[in-house]
Amino acid sequence: MSKIITLSEFIIDRQADFPYASGDLSRLLSDIGIAAKIVNQQVNKAGLGDILGAFGTTNIQGEVQQKLDVYADEVFINSFRNGGEVCGIASEENDAYVAFDRDLCKKGKYVVLFDPLDGSSNIDVNVSIGTIFSIFRRTSSVGDLANINDFLQKGCEQVAAGYVIYGSSTMLVYTTGYGVNGFTLEPSIGEFCLSHPSMMIPEDGKVYSINEGNMAITTPGIQAYVAYCKEVDKKDGRPYSARYIGSLVADFHRNLIKGGIYIYPPTTGAPKGKLRLLYECSPLAFIVEQAGGLATTGTSSIMDIQPKELHQREPLLIGSKNMVLKAMEFIAELESAKV
Ligand code: AHM
Ligand code: MG
């Protein structure tokens, strides 16, 4: 049997990648691993609400039941507040960012932006859901309260990003800009163990993931690319397969491992699509690019977008490099007049 490497051991080993680092980022990543285990425990009990007490009511232990996404949000916020490495957070669940006012936190070097439970509409039907996180070095001075500019940073400024998928098994996948590594939670020892070292996304894929219900209301470039995915061409394995779970982390994770493209397109009702730049697009863009893939809005690299507001939305095409490039060709050809 080969030696098991736990997330904590791996993080400590990798600290050497940052010769002048004080260990704060390592501690922060460990805190995320612990918070993920706590959330995982509750996610695995989803559906027992009716037995243990419905959401919003008191359960048999006298605890008030919460919606799981609110619960996950609180677990992560408390973990960041107690850790001391983070001076503030922004979460998809909250309208405004939170600047921690504890003295210890004001000395924190980092801010974290996260989606505590993405795809939460899938909880009721037992489909995989996920947590996505993005870490930046603050731009304000250490010792001050965090301010909005700490959060409005381009994806290419991220120091780390990752996700947790609560699926048939629970995994944590992250990057600090030195490749992508995946860890699977081994329930018998309660540890995330290195299971997917140095992950690389295949350059080509045979899976496209898009909500085809939006096809009539999206742009000509996306329509043409999806039509291309369905054409018959034995040489390159088309028609490709459609796989859309409707849970971004789950669709992304499958495509990262097997190759494929995920698209959340602009539509007539939502010209910037649905997904949030800071909590969803940027962190997954950092991961996919570290794994050799690409992430774009169709015309600009996700990593280069200067955010103007916390909850900004952007269209997202993300996955295997050659598939994303092909989709961009259609967009350039059919939509360039409009740009
Ligand atoms: P959420 O942040 O409100 O959970 O929404 C994000 C989710 C993604 O996980 C998923 O890929 C997408 O919304 C599905 O949207 P749609 O139902 O419009 O296809
Ligand atoms: Mg979300």
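No value in this document is a laboratory result; all are computed from the given coordinates. The structure presented is a predicted model; accordingly, all values stated were derived computationally and were not measured. Because the Cβ atoms are built from the backbone with ideal geometry, glycine has one as well, and the counts that use them run over all protein chains shown.
Per-structure values
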quantity	calculated
Estimated inter-spin distance, residue 70 and residue 137, nm [label 7 Å along Cα→Cβ]	3.9
Leading residue at positive end of dipole, the chain (Cβ point charges), from 129, 302, 192	302
Cα pair count fraction exceeding 22 Å, expressed as % - the stretch 7-196	48
Mean Cβ neighbour count within 10 Å, used as a protection proxy, ranking 277-289, 194-206, 231-243, 22-34 highest first	277-289, 22-34, 194-206, 231-243
Dipole of the stretch 207-333, positive end: most advanced residue of 264, 221, 252 [Cβ charges, Cα centre]	252
Packing rank of 221-230, 9-18, where each peptide gets the mean count of other beta carbons within 10 Å, highest leading	221-230, 9-18
Hydrodynamic radius (Kirkwood) for the stretch 207-333, which is based on Cα pairs only, to one decimal in Å	14.4
Over the chain: helical MRE at 222 nm, DSSP H runs n ≥ 4 each giving -39500 (n - 2.57), nearest 500	-9000 deg cm²/dmol
The stretch 186-207 residues near the modelled residue 41 label - backbone nitrogen below 12 Å, point 7 Å along Cα→Cβ	190
Spin-label pair residue 2/residue 178, simplified geometry with 7 Å Cα→Cβ offset, distance in nm	1.9
Local electrostatic count, residue 172, Cβ distance below 15 Å [Lys/Arg +1, Asp/Glu -1]	-4
Over the chain, volume per residue of the alpha carbon convex hull, in Å³	154
Cα centre as origin, Lys/Arg/Asp/Glu Cβ charges: the chain dipole, Debye	480
